[in-house]
Structure formats: structure tokens, C-alpha cells
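Trainee: What follows is a structure written as C-alpha cells; I'll ask about it next.
Every number in this text was worked out from the coordinates using simple rules, so none of it is lab data. This structure is a prediction, so every number in the text was calculated from the model and none was measured. Using ideal geometry, Cβ is built from the backbone for each residue, glycine included, and neighbour counts are taken over all protein chains shown.
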Amino acid sequence: MDGEGKDRIMKSIVLASALATVLLAPTASRAQYNGVPANGMMTRGDEPAGVQPADLKKIAFDQKLKAQIPLDLPFRDEAGHTVTLDQYFHHGRPVVLSLVYYDCPMLCTLVLNGLAGAMKGMSLNPGTDYDLVTVSFDPRETPALAAAKKKTYIQRYGHPDAASAWHFLTGDEPAIERLTQAVGFHYVYDPRTKIYAHATGIMIATADGRLSKYLYGIDYAPRALRLALVDASGGRIGNPVDQILLYCYHYDPSTGKYGLVVLNVIRLGGGVTVVVLGSFVTVMLARERRRRRAGTRPGGGVERPAAGVEKPDSSHTTS
């Protein structure tokens, strides 16, 4: 079975397990959950308490557009070196930020699969046009886990050069809490099953670390990711077509998607029509002036006197 077939099976399993809890989400933007049953996994005796329905309602992605990511936070990279988020910003490129945990049994894998798939569908290149930072929100995870996950997704993306542009980090609880609160990412840990219930999505930040766009869910259209990156770059990456698409497609924060703006399309179409007609009229007038200067008829040939009109004899003069 190929990778796409496995992805479809995994997505079906996830959607089926999430169906019982999705009605507890306050809005559609609360995304999907990591397989936590709707009954809150009530326990008996001295077993640890499970996640309660009230906890599930806290799971969300609160958009904090234009908020500054705290870039001074310390983490560990996949090689175990202590780094700060600031090292991955201020390079003149937007940054794709994803929050997952590497031992996640379902959704986090689908989030990263969706991101890698969207990257494959774009002509923008990591390291040249944008960078990526993936951070584990599980403080128990290690750089070794991060390194293994990075190897998997660099191979999945298929371009070894991306290894220098896609960074997989782990960290301690204080840094994780500050980061997740700053970007509006809420999750709940279930001590009984030892898994997290969490929202799904990715964020796009500007080169100086301000949140620009949120894309929800586990599937990210290459066009949506490209437009978000071009937008976050202030037009410094991409091409003129991207600028036209940004004019025609509007980002909706409530859904985390780009939608077609009909009024802008009409305006753009009207502007193109005016330019085309103006160009046509200008060309026709220029051709007419050239014909008159050359003394020719519109159909070609030298202009001749009308029938019955004698041409003046230049050999006779009048006094």
C-alpha cells in the first residue's frame, strides 16, 4: 500500500474517533481532537482521573494575529544543542510554525503529513523562501525523538536540502507553556491514557516573529500555504501572479482558509477590460495616423482622385 493510501486510512480512523467529541467544540475552528472519548474516560478507585468534557471544551486554537512570538525562549534542537527561537527568525523569510508531540499516535502525524504534502505542491523552496520550526509540546520528549521525526519528514518531503531549513525542537515545560499561550494553542493531557487531546493546525509567522496566518485541520492546500507565505513575506517571495491571487482571495480568520472575494474579482476583471479596450483603441488610432501620413487608404494603395474629377495640370499657372 502506498503512502497516500495509508494516509487515507489513518484519516478515516481519526475522523471516526473524533466524531463523538466534535459536537463539544464551541466553533468549527476548534479543529479535531486526538481520539479522546466523549465520556471523558471516567475512572474508578485510585485510577488517575481522565479528561472530562469540560476539559475538552478548552481545546482550541485562538487566533492571535499580529501577536509577537516570544523568540527568547530556550529549546533543544534535534542534535541536543540549546537554542532559542530567535535563531530561526530574522532571516528575511517567513516561518511555518507547527506544534505537535512526536509520540502522538494519530493527529500529529497527520498534521506533519499534510504540511509535507503542501510543501511538495509548491514551487517555493524551504531555506530560500521560508523556514520551518516544529516544536513538541510534550516536555518529556527528547532530542533523539525529534531527530527521528525530522529524518522521517525530510525523507517524505524528498529534498535533502530541506534539512537545514526544517527544525524539530523539544523543550521544558515553562518554555512550552509560554509559547503555546502566546500563539493561542490549547491542549489537555490525559494521565490515564498518557496522550494529549489537542487542536490541529499550523501557523505562519513573519520574519520578525509576528503571527500572520493560521491554517486549521490536517490538510493544507498548497495554494493556501503559498498565499499565506507570500502574504507573511510582504510580497518579497512569490511572483506577480501571487499578488493577483492575494487580491482575489481573502483570508478568513474564523475558518483559517482563503476564500474567493467576488467583488475583487469583478473589480480586477473590469480593470483588465478597461486596459484591453484602451490598448485596442490606442493601437487602432496609431495605425490610422500612420496610414494618413503615408497617403494610403485603409485597404492599402495610394489615394486617387474621385471619378469625374480632373487632376490639376501643374504646367499651367494663373496670373
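Trainee: Between K57 and Q87, how many nm apart are label points set 7 Å from Cα along the C-beta direction?
Mentor: 4.2 nm
Trainee: Could you give the length gained by full extension between R292 and R156, i.e. 0.36 nm per residue of separation minus their alpha carbon distance, to one decimal place?
Mentor: Here the segment from R292 to R156 would lengthen by 42.3 nm.
Trainee: Separation between the T180 and K194 pseudo-spin-labels, each 7 Å from Cα along Cα→Cβ, expressed in nm?
Mentor: Roughly 1.8 nm, to one decimal.
Trainee: Sorted from fewest to most neighbouring beta carbons within 10 Å, what does the list R140, R223 look like? Don't skip to the end; give the middle numbers.
Mentor: Working: R140 11, R223 15.
By the 10 Å Cβ count, ascending: R140, R223.
Trainee: Can I ask one more? Once you put a point 7 Å from the Cα of R210 and another 7 Å from the Cα of R223, both along the Cβ direction, what distance in nm separates them?
Mentor: Rounded to a tenth, the inter-label distance reads 2.8 nm.
Trainee: Another question, if that's okay. Run the numbers for D103 and A144: contour at 0.36 nm per residue of separation, minus the present Cα-Cα distance, in nm.
Mentor: 13.6 nm
Trainee: If you don't mind, another one. Could you list S136, S164 in order of exposure, starting from the residue whose Cβ has the fewest other Cβ atoms within 10 Å?
Mentor: Final ranking by Cβ density, sparse to dense: S164, S136.
Trainee: Past 28 Å, Cα to Cα: identify those pairs from K150/K194; K58/K194; K57/K149; K57/K151; K150/K213; K58/K150, in the order given.
Mentor: Violating the 28 Å Cα-Cα cut-off are K57/K149; K57/K151; K58/K150.
Trainee: Set the Förster distance to 45 Å, then compute FRET efficiency between D172 and M122 from the Cβ-Cβ distance, nearest 0.05.
Mentor: So, using R0 = 45 Å, E works out to roughly 0.85.
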